[in-house]
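Presented below is the structure to which this report refers.
The values are calculated or read from the model by the stated rules, or taken from the named source; none is laboratory data. Predicted model only: the values in this text are computed from it and were never measured. Here the Cβ is made from the backbone with ideal geometry for all residues, glycine too, and neighbour counts use every protein chain on show. These area figures cover heavy atoms from the full protein model, side chains too; ligands, DNA and RNA do not enter into them. Shrake-Rupley method; radii C 1.70, N 1.55, O 1.52, S 1.80 Å.
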Amino acid sequence: MKRYYITTPIYYVNSAPHIGTALTTIVADACARFQKQRGREVYFLTGTDENAPKVHRVAQERGVPTQQFVDEMAEVFERAWRALHIEYDIFIRTTEERHKRVVSEVFRRLREQGDIYKGSYQGWYCISCETFFASSKIDESKTCPDCGKPLEWRDELCYYFRLSDYESRLREHILANPQFIQPEVRRNETLGFINEGLQDIAVSRTGSDWGVPVPDDPNSGVVYVWFDALLNYLTATGWLERGEAYLDTWPPDLQLMGKDILPRFHATIWPAMLMALGLPLPERLYGHGWWIVNKQKMSKSLGNVYAPLEVAQSLADAAGCELPYAVDAFRYYMLREMPTDADAEFSLEGFEARYNGDLANDLGNLLHRTLSMMHRYFEGRVPDGARLDAELADLFAQQAARVTEAFEAVDFPRGLREAWQIIGAVNRYYDEQAPWTLMKQGNTERAGQVLYAGLIAARLLGGLSEPVMPQVAREIARQLNLSSVPCWSDAVVMNAIPTGHILQEPKPIFPRLQPQRSTGGTPVQAQPTLERDTQATATITMPDTITIDEFKRLQIRIATVKAAEPVPKSTKLLKLTLDVGGEERTIVAGIAEDYTPEQVVGKQIPVLVNLQPALIRGIVSEGMMLAADVDGKAVLLHPDREVPSGSGVR
RNA sequence: GGCGGCGUAGCUCAGUUGGUCAGAGCAACCGGUUCAUACCCGGUGGGUCGGCGGUUCGAGUCCGCCCGCCGCUACCA
């Protein structure tokens, strides 16, 4: 029987794991554990992308040999994932020889059959994103449409992959297989992208010798890193090495990633490559949303990057929770709040709220109160005749089915909500039945039955939450004195704990985070406990401030407008010729709807002169005019009195 | 500017094909309970379901327009 093959992207090793990569990997791990628990054989792949020129560059900047650098970083990732209880089956590194052989072989085959051909390339390239951009996409700009960094002009002979040949087949496949790209937003986005027309992509790069050399053509540089990287999914199955046996794993059942690399790469280039190779396509591609922090996209440059382990460690310290359970709590938070189509806010306050509310008060307390009563009333032995009420049994089974369905759909927020319904039901049941009152009335038999519901619920919850919180599930099983966490089908067996079964002493798994209280008994504002521990969490800078040094990098000068004319075939643009203190500059400004050429000639305006030049409508714009923005309309700024052209602005 | 999506209680959000759909969780307040990790249970929230029209016996749920936010894209710079 074919293994359930699940993948994460391989991660760039130029920075350590953060909550973004952790999200993808934790989701993948939870999916993998879920499938395993359901009895499937699972093959779970993650790894590192080490062939990127960017990686080479970062290593050089740090003065470390690149191979040594990637070795160290791969180790950082493996350690981080193990610490987060990620149970992958294979960790692939693209610098491995066997992967390089696969890349070479695929390149050769596609070149032989004409899917890869040699041509010349002139175009704009973003080093950071490792991506070429069609001139149609950037002819008004010289910055990367994705990351905003300056693009480099490349003019080189290189190999192309005939992506355009696969346009209609891709579209047909996507239309015929609704589950292929999820969620729906990404599917629509991909279709939109494809419908604009796919162009052949350059799949070789010169300028760096770090990577897989183009086979049999030593002067053609290395294979494009995306072409290289995507093939890791194939390498990991043993394709090329194991004959037909790789089909016990191929194709992937579920490929997870962030939404940014789904439409353009995993949903177009990747399946097109596979079509060219004549291989079956992945069953399902799933792109999740991103975490945002303080309403801002998380990024290293903004300095709002959290390290998962530090977040977990600081919770452990603040709450007195054992680290493995704090890590599981972090996993729970990631999955409970997992961004699906839209982005979601990550915050320590939110994490704490989930910890106290869902884990300490709900899950932890239910287990603890149940075991406490079992020990107090029954000396820790399951009493005779204990049996689950039919009504509760039905509810448990129904909720378990809903959890299954949600997990299968990679909808962990919904699945966990459904699982937690069980906790609410048992708490209400306890309240109605009041086993403590039954005991006082001497009705021990009924009390035992009621508490039995709590035991079964705890056992079931341990099973249902195992994909999310494996260590916690184990601890629940230990306290219930079960030999192991029940597998999925076994977890829903309702009267599975036998009469006479001995239970362990209860011990809180998630000690509650205590809000601060004043000695006078008046509650004071609860302090976000984690936030006080700034040592343990990543530093968060004020994202919307810059330093004076950063400001000084902007060279703003007063320019005098010598000439102005409309830009042909444009409605918004004026071409301005400026005197910037003896030097003449041409800039293109989007003010034609607000000013006529006559109105601006002779005016003095502040201009940012050290902006990266941009090609706009075929005109090189060498700077940016500063103007007030009034409801989208430009209003020119002038010096208080006439000043020499080229005067600096500070 | 174009295409797509979204805008539901203080916060985070559920709401299939139009008719108990006006909801859940959290926060707050009130009450109850005491087995439990000051926990749990119940109650309360005057939400014009972004705004204005329309279709319909009946619309968060369909249509049009407008406002706001997001994504992709574009003659943003």
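Using every Cα-Cα pair within region A:380-504, state what percent have a distance larger than 20 Å. Tail of P(r) above 20 Å: 43 percent of Cα pairs. Determine, from the Cβ-Cβ distance of A:THR499 and A:GLU345 and an R0 of 41 Å, the FRET efficiency 1/(1 + (r/R0)^6), rounded to the nearest 0.05. Once the sixth-power term is evaluated, E becomes 0.25. For the pair region A:317-358 and region A:243-267, the centres of their Cα atoms are 28 angstrom apart. Between A:ARG512 and A:LYS440, the contour length at 0.36 nm per residue exceeds the alpha carbon distance by 22.9 nm.
Using a probe of 1.4 Å on the protein chains alone, the accessible area found for A:VAL225 is around 10 Å².
For the pairs A:LYS36/A:LYS100; A:LYS54/A:LYS259; A:LYS440/A:LYS507; A:LYS36/A:LYS259; A:LYS118/A:LYS259; A:LYS54/A:LYS575, note any where the Cα-Cα span goes beyond 29 Å.
Numbers: A:LYS36/A:LYS100 31 Å; A:LYS54/A:LYS259 21 Å; A:LYS440/A:LYS507 25 Å; A:LYS36/A:LYS259 26 Å; A:LYS118/A:LYS259 32 Å; A:LYS54/A:LYS575 36 Å.
Where the Cα-Cα span goes over 29 Å, the pairs concerned are A:LYS36/A:LYS100; A:LYS118/A:LYS259; A:LYS54/A:LYS575.
Three semi-axes describe the equivalent ellipsoid of region A:308-525; taken as square roots of 5 times the Cα gyration tensor eigenvalues and ordered largest first, they are 29, 22, 16 Å.
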